[in-house]
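Only the coordinates and a few stated rules stand behind these numbers; no lab work does. Since the model is a prediction, treat every value here as computed from it, not as a measurement. Glycine gets a Cβ as well: all are built from the backbone with ideal geometry, and neighbour counts include every protein chain shown.
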Amino acid sequence: MKDYTVKALTPDSFFSKPVFLDQEFIIAAPEMALGDSVIRALLEWGFQTIQSEGEPRDEYAAEEVQDSPGDQEVNTSPLSLKMKISGDSEQIRRAEIFYNAFRSYVESLFAQMSINIPPKFNEIAERIKALCDTIKKDRRHLLYLALNSTQKNIDSEQNYLASHAVKSTILALIIGSYLKLTSHRLIELGVAAVLHEAGMLSLPPQVYMNERSLTAEEQKAILTHPILGFNILKSFNLPLSVTIAALEHHERENGAGYPRRLTGDKISLYAKIIAVVCSYEAQTSKRPHKTAKDGFEGMVDLLKNEGKQYDDTVIRALVFSLSVYPIGLYVLLSNGRKGQVVDVNPETPRYPIVQILGALTPDGKIRTLETSQNGVHIVRPLVRDELG
């Protein structure tokens with residue numbers, strides 16, 4: 001592994017091998033340019049050097065891969081939503097049941113709020129406690145469901161908002177845990193994440209559910225939803241920390257957000273966290289007006305942090321929690337195989353655990369492997385068309 005001085009890096013250059021900040025954190029894959037914003041962020045985070053086994057290049061050149069000797073031909077059809085990992089089918093089932101029940105609860109909660117039935121803080125807090133416990137016990141399966149589940153009823157505005165709220169809440173709690181928030185603050189953060197889009201319930205669904213560009217009037221309406229949400233939650237006598245998070249979740253570090261154009265430390269921590277997870281969830285989820293990016297693309301966009309919109313500490317927490325190759329991402333491996341990331345290795349987060357598409361063990365179970373620096377590693381993410 002070679003050291004490269006950050007100040008000497010050329011903006012928008014590539015490396016022939018993955019680039020690391022340290023032994024634990026991958027910052028760029030070979031196809032990811034090190035943009036000027038990334039270089040500035042590295043310097044601001046206090047990193048003077050980066051590491052890579054590769055060489056800097058002016059443009060990306062795909063790595064050639066060959067099958068390892070003795071490898072058998074495999075069927076590279078995508079896996080179903082359920083991860084069929086050896087020996088954990090019951091755990092998967094429990095995670096799915098919990099996830100679907102939590103989403104149904106949020107849908108019911110939003111339906112009640114839409115007809116002015118107040119949400120009960122203690123009731124939501126109990127649900128968040130259960131979610132925190134489930135994340136501790138089965139983080140990877142909940143993450144998989146949050147990052148890869150599809151929205152069946154995309155025409156339903158409450159289902160859309162509930163899906164966004166559930167996924168954002170899971171990601172927010174994982175970030176909060178990484179930042180070592182106390183149990184009390186985690187619960188507050190979780191309640192805030194569930195309710196942060198309360199203002200949307202006051203808007204006509206066609207404003208945020210259509211497939212066309214918004215009119216000027218519709219854009220103005222969207223810009224009001226943080227204030228609407230703040231007023232709604234305040235009228236329900238919810239804690240100030242929750243109402244403020246709803247008000248500020250579209251504020252940005254550089255003052256370019258809304259509704260009050262706050263900057264930096266004037267924005268609450270809960271709002272900073274929700275801003276990052278909202279952005280990531282929105283980029284990686286299908287919407288009526290756009291297709292979804294994969295987890296790698298979404299993470300790269302956040303790492304660029306164009307215009308310094310988001311808090312660096314929160315972005316780092318998300319990346320360290322999910323890795324640049326998030327759970328569910330399809331990848332090309334250095335032995336020519338295709339696989340899917342199924343877990344982050346806590347000992348070496350830069351080398352996730354991958355399930356090999358179509359490869360079985362002698363007893364008929366789906367084969368998984370721990371990627372490593374000296375063994376099989378990820379070359380690049382795959383697009384859906386490459387899966388066959």
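What's the FRET efficiency of Thr49 with Lys293 using the Cβ-Cβ distance as r and R₀ = 35 Å, to the nearest 0.05?
The formula returns an efficiency of 0.70 here.
Can you list the lysines whose alpha carbon is less than 25 Å from that of Lys2, not counting same-chain residues fewer than 8 positions off?
Of all the lysines, those that pass the test against Lys2 - Cα under 25 Å, at least 8 places apart if same chain - are Lys17, Lys304.
Which three semi-axes in whole Å describe the equivalent ellipsoid of the stretch 304-345, each the square root of 5 times a Cα gyration tensor eigenvalue, listed largest first?
Result for the stretch 304-345: semi-axes of 27, 12, 7 Å.
If amide H atoms are built 1.01 Å from N in the plane of the peptide, which residues on other chains or at least 5 residues away come under 5 Å of the amide H of Leu357?
Lys338, Gly339, Gln340
Among Ser104, Ser213, what is the fewest-to-most ranking by other Cβ atoms within 10 Å?
Least crowded to most crowded, the residues run Ser213, Ser104.
Among the listed pairs Lys137/Lys266; Lys7/Lys293; Lys129/Lys180, give every one whose C-alpha distance is greater than 26 Å.
Lys137/Lys266; Lys7/Lys293
What full-extension length gain, to one decimal in nm, is calculated for Asn210 and Ser108 as 0.36 nm per residue of separation minus the Cα-Cα distance?
34.4 nm
Once you have the alpha carbon radius of gyration of the stretch 241-388, what is it after dividing by 2.2 N^0.38 Å, with N set to its residue count?
The reported ratio for this selection is 1.25.
How large is the Kirkwood hydrodynamic radius of the stretch 89-322, counting all unique pairs of alpha carbons, in Å?
Value: 17.8 Å, from the Cα pair sum.
At a 10 angstrom cut-off on C-beta neighbours, averaged per residue, how do the peptides 329-339, 199-209, 257-267, 214-224 rank from highest to lowest?
Taking the mean over residues of other Cβ atoms within 10 Å, the ranking is 329-339, 199-209, 257-267, 214-224.
Separation between the Lys137 and Leu360 pseudo-spin-labels, each 7 Å from Cα along Cα→Cβ, expressed in nm?
Between Lys137 and Leu360, the label points sit 3.2 nm apart.
For Val379, enumerate residues with amide H under 5 Å from its amide H, sequence gap 5+ or separate chain, H modeled in the peptide plane.
Leu332, Leu333, Ser334
What list of ³J(HN,Hα) couplings, whole Hz, do you get for the stretch 293-302 from phi and the Karplus terms 6.51, -1.76, 1.60, once you set θ to phi - 60° and write x for glycine and proline?
These are the phi-based 3J(HN,Hα) values: 7, 7, x, 5, 4, x, 5, 4, 4, 5 Hz.
Note down the relative contact order for the stretch 89-322 as a percent, whole number, built from C-alpha pairs under 8 angstrom at least six residues apart.
18 percent
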